[in-house]
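Q: If you scroll down you'll find the structure; I have some questions about it.
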Amino acid sequence: MIFEHKSVLLKETVDSLNVRPDGIYVDGTLGGGGHALEICERLGEKGRLIGIDQDSEAIEAARERLKYHIDKVTVVKSNYEDIRSVLGELGVRGVDGICLDLGVSSYQLDNPARGFTYREDAPLDMRMDRQRELTAAKVINDYSQAELCRVIRDYGEERFAANIAKHIVAAREKKRIETTGELIEIIKAAIPMKLRAVGGHPAKRTFQAVRIEVNRELEVLENTVDTMIDLLNPGGRLSVITFHSLEDRIVKNRFRDNANPCVCPPDFLVCVCGKKSRGQVVTRKPILPQQAEINNNKRSKSSKLRVFQRGTQS
């Protein structure tokens, strides 16, 4: 398959970065290079774009897309959680903007070989970085029933998590579960028939949960927002696109805590904890896609963009 992906909230995200022609910017989830290309087209000769992605196929596609801007682009295969070390190795101490698009690319979803889709039968994989050892098959076959229930409940917000975990364990006692098709049939059997069509495909939430577990998505996000804010130059911005409530909640809370980190009791007249604001939340409410974009790309419907700006005195 050709790596294709429609960048969500493209103009809104790049506009939010306030790109300066001579600035240094990071796309921490490079993907097919859509947001990166728009940033590059706003950079001057002295500007620089650093693209990070853990998917080798995405990097190959991005290099091709950005080939006319290669003099100002550095592409690194890594996870954005390693952004500090990536920038350090490049001799970069601070940047003027960082963007993240936390969605799974259309290529990853539509390519059966990657094992993300619940619409075709394929090997259970779901790794964004295919060099990692943990796969969806290992989660499904090796996790205990309690661990499976936790993953499906907490990361998929699935009301039938306990029953799905029970059915998975019962099925794998007969034979190892190897494909998405096998898992889908097990999930369907665990959900009451009259409720299978509620909220979309019955396997949607479980597949989301397993994907998040395999790629440590929420853990990485939770642990890295503060680091990215720390790496911003004064006035620099961090723009993050999320696609479900779990991601959005983390971004919203980390932005809020960086803008107002004081932990003093409300009845204290003055702050004594010494924790200072690191900037401000630019988006009081998240920026949502316009209806025209949703009509053109249904996968953009659940996207939300939040923006944080580092304080000028930070």
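Q: Counting just the residues of region 274-306 that are over 20 Å from D101 (Cβ atoms) and of a type in the set (D, E, K, R), which one comes out modelled with the lowest pLDDT?
A: It comes out as K275.
Q: Same structure, new question: G44 fails exactly one of the following numbered conditions: (1) out of contact with any strand residue (DSSP E or B) (no Cβ under 6 Å at 6 or more places or on another chain); (2) within 26 Å of R299 (Cβ to Cβ). What is the number of that condition?
A: (2)
Q: A follow-up question, please. Anything in region 30-41 that is in a loop (DSSP other than H, G, I, E, B) and of a type outside the set (D, E, K, R)? List them, or say none.
A: Start the filter on region 30-41 by keeping residues that are in a loop (DSSP other than H, G, I, E, B), which leaves 30-33, 41.
Passing the criteria: L30, G31, G32, G33.
Q: Might you check whether a residue that is among the small types (G, A, S) and either closer than 28 Å to I152 by Cβ or in a loop (DSSP other than H, G, I, E, B) (or both) occurs anywhere in region 212-235? First the steps, then the outcome.
A: Of all residues in region 212-235, those among the small types (G, A, S) come to 235.
Of the ones still in play, those that are also either closer than 28 Å to I152 by Cβ or in a loop (DSSP other than H, G, I, E, B) (or both) are none.
No, there is no match, as no residue in region 212-235 is among the small types (G, A, S) and either closer than 28 Å to I152 by Cβ or in a loop (DSSP other than H, G, I, E, B) (or both).
Q: OK, next. Can you confirm whether Y80 is touching a helix residue (DSSP H, G or I) at 6+ places or on another chain (Cβ under 7 Å) and open to solvent by 10 Å² or more (accessible area, probe 1.4 Å)? Full working, then the answer.
A: Numbers: touching a helix residue (DSSP H, G or I) at 6+ places or on another chain (Cβ under 7 Å): yes; open to solvent by 10 Å² or more (accessible area, probe 1.4 Å): yes.
Judged against the criteria, Y80 is a match.
Q: If R299 satisfies all but one of (1) under 18 Å from S16 (Cα atoms); (2) in contact with a Leu (Cβ under 9 Å, 6 or more places away or on another chain); (3) not hydroxyl-bearing (S, T, Y), what's the number of the condition it fails?
A: (1)
Q: Another one. If you check G236 against the conditions, is it closer than 18 Å to Y80 by Cβ and either exposed (fewer than 14 other Cβ atoms within 10 Å of the Cβ) or not charged (D, E, K, R) (or both)? Spell out the reasoning first.
A: Working: closer than 18 Å to Y80 by Cβ: yes; either exposed (fewer than 14 other Cβ atoms within 10 Å of the Cβ) or not charged (D, E, K, R) (or both): yes.
When the stated conditions are applied, G236 passes them.
Q: Name, by its number, the condition in (1) closer than 22 Å to T117 by Cβ; (2) in contact (Cβ under 8 Å) with a residue 40 or more places away in the chain; (3) open to solvent by 10 Å² or more (accessible area, probe 1.4 Å) that does not hold for N223.
A: (1)
Q: If G94 satisfies every condition in (1) surrounded by 14 or more Cβ atoms within 10 Å (Cβ to Cβ); (2) touching a residue at least 60 places away in the same chain (Cβ under 8 Å); (3) more than 20 Å from the chain's Cα centre (by Cα) but one, which is the exception?
A: Exception for G94: condition (1).
Q: Here's a follow-up. Note down all Cβ pairs under 8 Å where the first residue falls in region 180-198 and is on the phi < 0 side of the Ramachandran plot, the second is of a type in the set (V, I, T) and modelled with pLDDT under 95, and they're at least six residues apart or on different chains.
A: Correct list of pairs: T180/T117.
Q: Ok, one more. Which residues, taken from region 125-165, are buried (at least 16 other Cβ atoms within 10 Å of the Cβ) and basic (K, R)?
A: Those that are buried (at least 16 other Cβ atoms within 10 Å of the Cβ) and basic (K, R): R127, R150, R153.
Q: Report every pair of residues separated by at least 6 positions or lying on different chains whose Cβ atoms are under 7 Å apart, first residue within region 46-68 and under 16 Å from K6 (Cα atoms), second open to solvent by less than 10 Å² (accessible area, probe 1.4 Å) and assigned to a helix (DSSP H, G or I).
A: Final answer for the pair search is A62/A36; L66/A36; L66/C40.
Q: Taking H201 as meeting all but one of (1) modelled with pLDDT under 95; (2) over 25 Å from the mean Cα position of the chain (by Cα), write down the number of the exception.
A: Every condition holds for H201 apart from (2).
Q: Select from region 277-310 the residues that are exposed (fewer than 12 other Cβ atoms within 10 Å of the Cβ) and more than 22 Å from the chain's Cα centre (by Cα) and list them in ascending order. First the steps, then the outcome.
A: Narrowing region 277-310 to residues exposed (fewer than 12 other Cβ atoms within 10 Å of the Cβ): 284-285, 291-292, 295-296, 298.
Residues satisfying the conditions are Q291, A292, N295.
Q: Still on this model: Please go through region 1-29 and pick out each residue that is buried (at least 19 other Cβ atoms within 10 Å of the Cβ), at pLDDT 95 or above and assigned to a loop (DSSP other than H, G, I, E, B).
A: L9, L17, V19, G23, G28, T29
Q: Please go through region 74-111 and pick out each residue that is in a helix (DSSP H, G or I) and of a type outside the set (A, V, I, L, M, F, W, C). Spell out the reasoning first.
A: The initial filter retains those residues of region 74-111 that are in a helix (DSSP H, G or I), namely 80-89, 106-110.
Y80, E81, D82, R84, S85, G88, E89, S106, Y107, Q108, D110, listed by residue number.
Q: Quick check: is even one residue across region 265-278 in a loop (DSSP other than H, G, I, E, B), in contact with a Cys (Cβ under 7 Å, 6 or more places away or on another chain) and basic (K, R)?
A: Kept after step one, since they are in a loop (DSSP other than H, G, I, E, B), are these residues of region 265-278: 265-278.
Retained after the next criterion (residues that are in contact with a Cys (Cβ under 7 Å, 6 or more places away or on another chain)): 271-273, 275.
If we keep only those that are basic (K, R) as well, we get 275.
Yes, some residue in region 265-278 is in a loop (DSSP other than H, G, I, E, B), in contact with a Cys (Cβ under 7 Å, 6 or more places away or on another chain) and basic (K, R).
Q: Please go through (1) closer than 24 Å to Q309 by Cβ; (2) small (G, A, S); (3) surrounded by 15 or more Cβ atoms within 10 Å (Cβ to Cβ) for A61 and return the number of the only condition it doesn't satisfy.
A: (1)
The values are calculated or read from the model by the stated rules, or taken from the named source; none is laboratory data. Just so you know, these numbers come straight off a predicted model, no measurement behind them. Cβ sites come from the backbone with ideal geometry, for glycine too, and all protein chains shown count toward neighbours. Heads up: the accessible areas ignore ligands, DNA and RNA and are worked out on the full protein's heavy atoms, side chains in. Shrake-Rupley method; radii C 1.70, N 1.55, O 1.52, S 1.80 Å.
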